[in-house]
């Protein structure tokens, strides 16, 4: 199959959507001779912060001398962004060769198991990542869950070495449950008996349920602000992380946003649990400023300042705006937002309208994108005094924002990772 046909194959799979369940991917992995059995894995689940935490964790372990892989989702421009070993993405040629191999096995599995339906795009990509990490003989693979945990395609390891729960918010309630407790149960289903769990910044309700599950499974667990802590360091850009094994002082990230420091603390605690010893502080300090995460408070222009951020639910929008407050003080903010149909658009737009001076509502290329017209007709928008423009095409929205902006203004593009992917692809 040609390279063009391979990518068309993936795009066609995306149109089939997602179908939770482990039967299909387990059959595919068996056909690939069970590469998951040859990998030590760390599983990262949660509502927000999964990608950032997974990237940081892999980078920290790599700096400590391990060959560390990271499986991430979704990508912005290229599928190769999903597979990283020691900071380097998989090459196009290796990705395509592995995809062809996985595709052939997937077609065999689909023929034999028609009752469960064909393998999904995420299942194919996850199997490819596991096969890649096994072939490359990584010391550890950090696996970011796609959605949920219990029936997520990443939940195929007999026993992962460390399990990370970043945080919990009400999201995908049709699949994960109608309340926080139900969502915690779904995500914490990845914790095996006698697991090693790192709990991030959770609400009291989520923490109570998570701890209950850990105790029932006799899992060792570490709680943020109890067993490990994030403290202010010397100067505004420095911070400290305390754990039971070590005190890491005067740390610095190049990444913007207070929430990234929390993600970093979670990653440090997870790295300690995996290595079972304190981290080398000098290597840790050298590695953190080098970590770059696309579409997380990413500045792509200075005059005007253009910021891309993949905040996609009310809580992540709140964290974003809190982090931006000081940066944007005294400057006009022009927002460009696109939101998926299954998100709480009203709660997200309410915050953006309170923060922005002008707002463009637009659409993205994902089939779940809410129409710009529908966004503009939400009561929170119609009742706002903030001038709001409708532009179906994101390119048109961005061009209009640039025409309105002076060199001192800020253009904030957010609401969906798929909007940022559309923009990044055009930039590429």
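The values are calculated or read from the model by the stated rules, or taken from the named source; none is laboratory data. As the structure is a prediction and not an experimental result, all values here were calculated from the model. Glycine gets a Cβ as well: all are built from the backbone with ideal geometry, and neighbour counts include every protein chain shown.
Test residue 251 against the criterion of being crowded, with 20+ Cβ neighbours inside 10 Å, at pLDDT 95 or above, more than 20 Å from residue 192 (Cα to Cα) and in contact with a strand residue (DSSP E or B) (Cβ under 9 Å, 6 or more places away or on another chain), and give yes or no. Spelling it out, residue 251 is indeed crowded, with 20+ Cβ neighbours inside 10 Å, at pLDDT 95 or above, more than 20 Å from residue 192 (Cα to Cα) and in contact with a strand residue (DSSP E or B) (Cβ under 9 Å, 6 or more places away or on another chain). Restricted to helices (runs of 4 or more DSSP H) entirely inside segment 3-81, those with at least 3 residues that are at pLDDT below 95 are 3-14.
Whether any residue in segment 272-280 is surrounded by 21 or more Cβ atoms within 10 Å (Cβ to Cβ), over 25 Å from residue 203 (Cβ atoms), under 23 Å from the mean Cα position of the chain (by Cα) and outside the structural domain of residue 343 (by TED's automatic domain parsing) is what I want to check. Scanning segment 272-280 turns up at least one residue that is surrounded by 21 or more Cβ atoms within 10 Å (Cβ to Cβ), over 25 Å from residue 203 (Cβ atoms), under 23 Å from the mean Cα position of the chain (by Cα) and outside the structural domain of residue 343 (by TED's automatic domain parsing). Of the residues making up segment 341-355, those that are over 16 Å from residue 319 (Cα atoms) and modelled with pLDDT under 95 are 341, 342, 343. Return the residues of segment 289-318 that are assigned to a strand (DSSP E or B) and buried (at least 18 other Cβ atoms within 10 Å of the Cβ); say none if nothing qualifies. Scanning segment 289-318 gives 298, 305, 306, 307, 308. Being closer than 27 Å to residue 303 by Cα, in contact (Cβ under 8 Å) with a residue 12 or more places away in the chain and loosely packed, with under 15 Cβ neighbours inside 10 Å is a property that holds for residue 393. Of the residues examined, residue 134 is not one that is modelled with pLDDT of 95 or more and either buried (at least 21 other Cβ atoms within 10 Å of the Cβ) or under 21 Å from the mean Cα position of the chain (by Cα) (or both).
Filtered by the rule that a residue be closer than 17 Å to residue 126 by Cβ and surrounded by fewer than 24 Cβ atoms within 10 Å (Cβ to Cβ), segment 51-63 gives a lone residue, 51.
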